[in-house]
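First up is the structure itself, then whatever we jot down about it.
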Amino acid sequence: MIYPPVPHAEIDGNVWPALPGEKGQIVLSLLYQMDQSQWWSAEDIRTHQFSQLSALLSQAWHQVPFHRARLEQAGLAPPFDQLEQRWAAIPILTRSDIQEQGKALYSAHLPRGHGAVYDIHTSGSTGQPIRALRSQLALWFWSAFTLREHLWHRRDLRGKLAVIRDSTPGVSAYPKGSRYKYWGSSRQTFDTGPCVSLNINASAAEQADWLVRENPDYLLTHPTNILRVAHHCLENKIKIPNLKQINTLSEILRPETRDLCRDAWGVEITDNYSSREIGYMALQCPEHAHYHIQSEGVFLEVVDSQGKPCKPGEIGRILVTHLHNFAMPFIRYDVGDFAEVGEACPCGRGLPVLKQILGREQNMLSKPDGEKVWTLLSEGAIRKLLKLAPIREYQFVQKTQAQIEARFVVDRALSASETSQVRTWLAEKFGPEFEFTLTYLKELPRSKSGKLQDFISEVG
Ligand SMILES: [Zn+2]
């Protein structure tokens, strides 16, 4: 098979080399450049980012008084010389800033060629909904990164794609789901196969039934959803013969989920890190389980509690600057997530590495002495728990400084010895100083967008 495939030809009589339509040509011209820049050195990538960042700051300075005041406060003004050395003086943009400022963060005018402007509403898992704007230019980048992700993971775009994401009541409902001719906007650039979609609120058994009937080549869904479907299929020996790969997004992917999908169907997961307001921030490396920052689209920083850049092995807060969305500049935006910085990747790509993405501060455990720590529910620890008792799904909720509720969905009631072993596991994992309550539920509460968090702190 020749890979990547020949683009989708739009002109009568033109087959190869092919010219797609105008939209496809735009995306292809970005992909062509990104195919090369991914191999540049980290320094060269950074230099090009800062030339784009100067252009972004110039727009923010001239078109958004809120940003101008903050840049002045940081001692920055056009033409933004030596921006790299002064960058860290720019204040952080929070979700609360966005909620409070509203339309004051929109650009008064867009430069020529940035195209139409679209509204986005995000609920966010923080319960802090925001409204944002994004330009057509930002959307071209979105499409290009979507294709880069497919191409990195060598998907056959003519295959069938199944999507289980939408949680809107009545949309793509079981048993039929919905059907589309193509894989969305990717078809503007390459020929694609069909796409089918099912509502994520379908039960694991219903999803498995639908997947068997559709028999897709690829599946896109949330990590906690695939975990329960894989459990169901493993137990009931349900195979999806054509399935080649699973693509996850929107939630933290736990390592045991990768194992489970290998066991259930013999397929690998590829994960990516994105948000609605920013788009793609990091994609899984084609050769490793860690992530490459998408530096052609965002400038992503990981900083410690003092605001200093984290080194490989350190965990810090993610700040992201969208390089191309001039309609509403996001400059040093605190997405709310934390990540561990990784070493340069042996694959040779100069795009910086995130070893793991840890999610929100809300997922941190507060020790009785007030210290906050990450509850790293490692692959080994979870596997141990699942061997102790017939647990299908789990969620841990810190109710108070001293109390943790363990919520389980189980296949049958636990015996006294299983319960006692689970309690021992909890004390080892979270610390003997906590009091644990075990709750058994029919299913675990998911957010409106179908997400499930494995650890939630309700403390302060
Ligand atoms: Zn790599």
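Worth pointing out:
- Inter-part distance where the range 333-361 and the range 150-209 are each reduced to a Cα centre, Å: 28
- Under 17 Å from the Cα of Lys181 - lysines, other chains or at least 8 residues apart: Lys160
- CD proxy at 222 nm, helix term only [per DSSP H run n ≥ 4: -39500 (n - 2.57); per residue of the chain; nearest 500]: -9000 deg cm²/dmol
- Reported value for the range 133-216: 113 Å³ per residue, from the convex hull of its C-alpha atoms.
- A Förster distance of 51 Å, applied to the separation of the beta-carbon atoms of Tyr3 and Glu314, puts the FRET efficiency at 0.85.
- Taken over the Cα atoms of the range 150-286, the convex hull encloses 109 Å³ per residue.
- The average projected area of the range 265-369, computed from the convex hull of its Cα atoms over all directions, is 9.0 nm².
- Loop-exposed GluC sites (Glu not before Pro) per DSSP, neighbour cap 16 Cβ within 10 angstrom, longest uninterrupted part of the chain: 11-286
- For Asp271, distant residues with modelled amide H under 5 Å away: Thr248, Gln284
- For the range 76-92, putting each phi into the Karplus relation 6.51 cos²θ - 1.76 cosθ + 1.60 with θ = phi - 60° gives couplings of 10, 8, x, x, 6, 5, 6, 4, 4, 6, 9, 3, 5, 7, 6, x, 7 Hz, in residue order, rounded to whole numbers and with x for Gly and Pro.
- Geometric extent, Cα atoms of the range 367-457 - Rg, Dmax (angstrom): 13.1, 37
- Between the range 92-145 and the range 265-330, the Cα center-to-center distance that results, in Å: 17
- Excluding same-chain neighbours fewer than eight residues apart, the aspartates and glutamates reachable from Lys23 by a Cα-Cα span under 15 Å are Glu10, Asp191.
- Dipole-positive endmost among Ile391, Phe434, Gln401 within the range 367-457 (Cβ charges, Cα centre): Ile391
- The range 386-433: C-alpha pair distances exceeding 15 Å, %: 45
- Space enclosed by the convex hull of the alpha-carbon atoms of the chain, per residue, Å³: 158
- Database remark: amide H of Met364 closer than 5 angstrom to the amide H of Ser457 (H placed geometrically; neighbours at sequence offset of 5 or more, or on other chains; Pro and chain starts carry no H).
- Estimated dipole of the chain in Debye, rounded to 20 [Cβ of Lys and Arg +1, of Asp and Glu -1, Cα centre]: 860
- At full extension, Asn242 and Ala116 could sit 41.4 nm farther apart than now, given 0.36 nm per residue minus the alpha carbon distance.
Each value in this text was obtained by applying a stated rule to the coordinates, not by laboratory testing. These numbers were taken from a predicted model, which means no experiment stands behind them. Heads up, the Cβs are rebuilt from the backbone with ideal geometry, glycines too, and the neighbour counts pull from every protein chain shown.
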